[in-house]
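The values are calculated or read from the model by the stated rules, or taken from the named source; none is laboratory data. The structure displayed is predicted, hence computed values, not measured ones. Here the Cβ positions follow ideal geometry from the backbone for every residue, glycine too, while neighbour counts run over all protein chains shown. These accessible areas exclude ligands, DNA and RNA; they are computed on the full protein's heavy atoms, side chains included. Shrake-Rupley method; radii C 1.70, N 1.55, O 1.52, S 1.80 Å.
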Amino acid sequence: ACTGIENIDEAITLLEQNNWDLVAAINGVIPQENGILQSEYGVETLHGPAYGPTSHSTAASSTPSSSSAFRHVVPSRQIVERQPRMLDFRVEYRDRNVDVVLEDSSTVGDIKHILENELQIPASKMLLKGWKTGDVDDSTVLKSLHLPKNNSLYVLTPDLPPPSSSHSGALQESLNQNFMLIVTHREVQREYNLNFSGSSTIQEVKRNVYDLTSIPVRHQLWEGWPSSATDDSMTLAVSGLTFPCHRLTVGRRSSPVQTREQSEEQCTDVHMVSDSDGDDFEDATEFGVDDGEMFGVASSALRKSPMMPENAENEGDALLQFTAEFSSRYGDCHPVYFIGSLEAAFQEAFYGKARDRKLLAIYLHHDESVLTNVFCSQMLCAESIVSYLSQNFITWAWDMTKEANRARFLTMCTRHFGSVVAQTIRTQKTDQFPLFLIIMGKRSSNEVLNVIQGNTTVDELMMRLMAAMEIFSAQQQEDIKDEDEREARENVKREQDEAYRISLEADRAKREAQEREMAEQFRLEQIRKEQEEEREAIRLSLEQSLPPEPKEESTESVSKLRIRTPSGEFFERRFLASSKLQVVFDFVASKGYPWEEYKLLGTFPRRDVTQLDPNKSLLEVKLYPQETLFLEAKE
């Protein structure tokens, strides 16, 4: 509206060049001097921000002959060059991802040609899905779709068979895989990315979507499910969904009245054909009135599947069907049933920390009881009951309609609660069902606090649940106190054990340090002794190798040397004047002063005798006829 730029690609380029600063982008396009903009009709004063809503509304209300009151003017000091815009695509196909980068001037067909080389799939067999604007053809130019920089697409190949593998292995692998369902809420144009395992059912997906969109399952209108997905109890692994990503669209059904053909195609809840206004019956099940009862037909005659399969091998699978069927009959506002065995429900309710424990509520269903429909729709699905159960109870359910399932539950009941409780349930008549058992876990056994029959009201049901909670809360407080005291004792014991361990570690470290120090002292002492023994051996060897001391009355020339030690002692010896200086050195070394460690100094003049040639005679080094020398340790 301010700049007259109608090309969205040019506008995006300008914004990218200005780091998406709107004011900077506008100022870079329109020269401004004191708030005046150049117009193709002359000079016009701008009385407000050029980028605000006022400017936009003004431009929108201009005459058809001119799309904007202002002309796109590029100042001479700043030339905006049109650069090709690059788009990034991540394309998913089965278990592969392919990254494609193209200019926005390319077509959809160019993407397919690149994928044809990467995936080795003919372009004619590809369906490229994931476009925000709906389906496009191969000649569509990407620029015309106004795409963001980063895009995600996926490829479908309905005409190509899936990769061959053993059926059982592929099925098990699919059950362990995670499917990404991209669900678009049609009314609000919002996408949800939901992760489900392959073992999840279509019914679970619809219930999760209800939590996100507030559209009840019976009012959901879906697009995108494969044609093979004919039953809500099917798992995603066998429903024919595209792995790893599949797109779906959900919206609210405009009218709950459907034709019989539509009902058969969708295989969901049964709806009767009626010419009356569907709004009168839209929420009938929320008030406990079943679809069949509204038309004078027994509801059991319309139901296609039982609440629970007979002789089910796995209790968890049986509970999954029970939950799905319960939702389809009575809506999605119902207690959250625990999926798993009765033993697993005990573990979840009773065997955690005391603060996390809950009561266990067991709902026993019976299709042939006249009280079942009213109890389920008006009491068990009441929001207050559902909320109270979800906060304070673990709810487990079982269907007693089939004799095999009834016998199986009575066996479980005898094992967990004893024969008295099992006999009580066994003697219950059909019209006394459904039953609601309230179980509290104790240290040694499980106690049945209450057995609630179907002929009750919402208020009475709530009162009995609250009474059971009071008993449980008192017991829970005692358990919490005992558990806290036990944890405190264990913490003290752990701290004592840790302190004792640290003390042992310190003592061991101290002992090891002392042992190392003693070993080092012993080693040094051994080295010292070895060195002393070596020096003593050298001294004795030198002493034995010395020539005999000449006598005073010897006819040969004799030199008398007096040597002072560093400690102040003196020792004297006579040498032949013809003896070598080395003999003097050996004599001094034999007294414990090796010439490698000590130097022998003369007095007048002061000189270092050890620096003289040891092969010269005493006469030659002028140590004749007598001389006083002194020893000094070398540095």
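What's the carbon and sulfur percent of the range 84-154's accessible surface, probe 1.4 angstrom, rounded to a whole number? So the carbon and sulfur contribution to the accessible surface is 47 percent. Only Cα sites of the range 173-250 enter the Debye sum here, all with the same form factor; the resulting log10 I(q)/I(0) across q = 0.12, 0.13, 0.18 1/Å is -0.29, -0.34, -0.66, listed in q order. Counting Cα-Cα pairs of the range 84-154 in 10 Å increments starting at 0 gives whole-percent bin shares of 20, 61, 19, 0. Note on the range 316-479: with neighbouring protein chains present and a 1.4 Å probe, carbon and sulfur make up 50 percent of its accessible heavy-atom surface.
Can you give me the P(r) profile for the range 316-479? Cα pairs, bins 10 angstrom wide beginning at 0, each as a whole percent. P(r) over the range 316-479, rounded to whole percents: 10, 42, 39, 9, 0. Split the accessible area of the range 173-250 by element, probe 1.4 Å, and carbon with sulfur accounts for 45%.
With the alpha-carbon atoms of the range 502-606 aligned to their principal axes, the span from lowest to highest coordinate is 83, 30, 19 Å, starting with the largest. DSSP finds beta bridges in the range 84-154, and of those with both partners inside it, around 65 percent are antiparallel.
With a Förster radius of 22 Å applied to the beta-carbon distance between Ser567 and Gln521, the computed FRET efficiency rounds to 0.20. Near Ala577, once Lys and Arg are set to +1 and Asp and Glu to -1 for all other residues with Cβ below 13 Å from its Cβ, the sum equals +2. So the label point goes 7 Å from the Cα of Glu16 along Cα→C-beta, right? Which residues of the range 113-148 then have their backbone N under 12 Å from it? Residues passing the 12 Å test: 147-148.
Coordinate range of the alpha-carbon atoms in the range 556-631 per principal axis, descending: 33, 25, 21 Å. In the range 329-396, the C-alpha radius of gyration followed by the widest Cα-Cα span (Dmax) gives 13.1, 41 angstrom. In terms of the mean number of neighbouring beta-carbon atoms within 10 Å, the peptides 586-595, 515-524, 210-219 order highest first as 586-595, 210-219, 515-524. Within the shell defined by Cβ-Cβ distances under 9 Å, the residues around Leu561 carry a net charge of +2, with Lys and Arg each +1 and Asp and Glu each -1.
Taking every protein chain into account, the accessible area of the range 84-154 amounts to 54 square angstrom per residue (probe 1.4 Å). Here the range 556-631 is treated with +1 on each Lys and Arg Cβ and -1 on each Asp and Glu Cβ, and its dipole about the Cα centre works out to around 220 debye. What the range 483-549 shows is 88 Å² of accessible area per residue, with the surface traced by a 1.4 Å probe over protein heavy atoms. Rolling a 1.4 Å probe across the protein heavy atoms gives the range 556-631 an accessible surface of 54 Å² per residue. Convex hull of alpha carbon positions in the range 479-542: directionally averaged projected area 3.8 nm². Cβ-Cβ distance of Ala633 and Glu505, R₀ of 41 Å, FRET efficiency by 1/(1 + (r/R0)^6): the value works out to about 0.30.
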